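J.: Here's a structure for you.
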Amino acid sequence: MDNNFGEKSINFKTFKEYINKYKIKEIMVEKFDKFNINKNITIDVLNPRNNEIIKSKDKVNSNSLITCISVNKNNFLFMGDATIESEYFLINDINKLKNKEYYTYKLNNLKCIQIGHHGSNTSTSEKFLKSINVKEAVISSKKSVYNHPSDIIVNRLNLHKINTKITEKLGGTINKIM
């Protein structure tokens with residue numbers, strides 16, 4: 001979905017210059033697109049919505065890319081910069097599907113989740129955490145930049161007994177996180 005918002009940001013312009021410079025093919029995705037990389041790896045796109053925009057105060061982040069990547073039946077949920085509004089629409093959209101069991105199974109059998117919007121208090125709602133089953137989480141953040149992660153979100157994850165790793169403390173190396 002080419003939603004045309006965010007195109008004025010310096011990050012977006014830098015990104016576009018990079019993909020043009022290296023002739024990287026753009027693929028536009030939308031919710032419920034599925035990519036089978038091979039028999040052991042699938043990517044399910046859960047957001048952005050098909051030709052719709054989630055309206056919120058934070059429109060760019062609410063329409064962030066959300067994916068579930070499955071590797072050898074291990075499911076990893078990447079929330080991007082998703083907001084509480086994104087979470088609401090995600091769960092609501094899945095519940096309306098005829099084949100919702102496929103997505104419900106994946107969300108109830110998560111190995112790890114990348115917490116949305118760097119652990120900001122605009123993401124990771126109580127309702128969302130109750131609708132998934134995960135014991136490991138990663139928050140990519142640096143407190144000195146945007147004051148993320150929020151203590152509210154870290155405490156919420158602790159209350160759900162979700163073992164949380166924060167990249168500011170551990171770095172981004174997968175061995176330290178998993």
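J.: I'm told residue 121 meets every condition in (1) part of a strand (DSSP E or B); (2) of a type outside the set (A, V, I, L, M, F, W, C); (3) in contact with a helix residue (DSSP H, G or I) (Cβ under 8 Å, 6 or more places away or on another chain) except one. Can you identify the failing condition by its number?
T.: Going through (1) part of a strand (DSSP E or B); (2) of a type outside the set (A, V, I, L, M, F, W, C); (3) in contact with a helix residue (DSSP H, G or I) (Cβ under 8 Å, 6 or more places away or on another chain) one by one, residue 121 breaks only (1).
J.: Regarding the range 54-64, can at least one residue be identified that is surrounded by 15 or more Cβ atoms within 10 Å (Cβ to Cβ), farther than 19 Å from residue 134 by Cβ and acidic (Asp, Glu)?
T.: Yes, that holds for at least one residue.
J.: Turning to a different aspect of this structure: Looking at (1) within 20 Å of residue 166 (Cα to Cα); (2) open to solvent by 60 Å² or more (accessible area, probe 1.4 Å), which one does residue 98 not meet, given that it meets all the others?
T.: Result: residue 98 fails condition (1) only.
J.: Here is a further query. Six or more apart or on different chains, Cβ under 6 Å: which pairs go from a residue in the range 38-56 that's of a type in the set (Lys, Arg) to one that's not in a strand (DSSP E or B)? Could you list them?
T.: 49/31
J.: Another question, then. Looking at (1) closer than 25 Å to residue 41 by Cα; (2) open to solvent by less than 20 Å² (accessible area, probe 1.4 Å); (3) modelled with pLDDT of 95 or more, which one does residue 83 not meet, given that it meets all the others?
T.: (1)
J.: Name the single residue that is modelled with the highest pLDDT among those in the range 9-26 being part of a loop (DSSP other than H, G, I, E, B) and open to solvent by less than 100 Å² (accessible area, probe 1.4 Å).
T.: The residue in question is 24.
J.: Ok, one more. Take the range 132-160 and flag every residue that is within 20 Å of residue 64 (Cα to Cα), surrounded by 16 or more Cβ atoms within 10 Å (Cβ to Cβ) and either in contact (Cβ under 8 Å) with a residue 40 or more places away in the chain or over 13 Å from the mean Cα position of the chain (by Cα) (or both).
T.: Result: 132, 141, 148, 149, 150, 153.
The values are calculated or read from the model by the stated rules, or taken from the named source; none is laboratory data. Computed from a prediction, not measured in an experiment: that's the story for all the values here. Cβ coordinates were reconstructed from backbone atoms using ideal geometry, including for glycine residues, and neighbour counts include every protein chain displayed. Areas reflect the complete protein model, heavy atoms only, side chains present, ligands, DNA and RNA absent. Shrake-Rupley method; radii C 1.70, N 1.55, O 1.52, S 1.80 Å.
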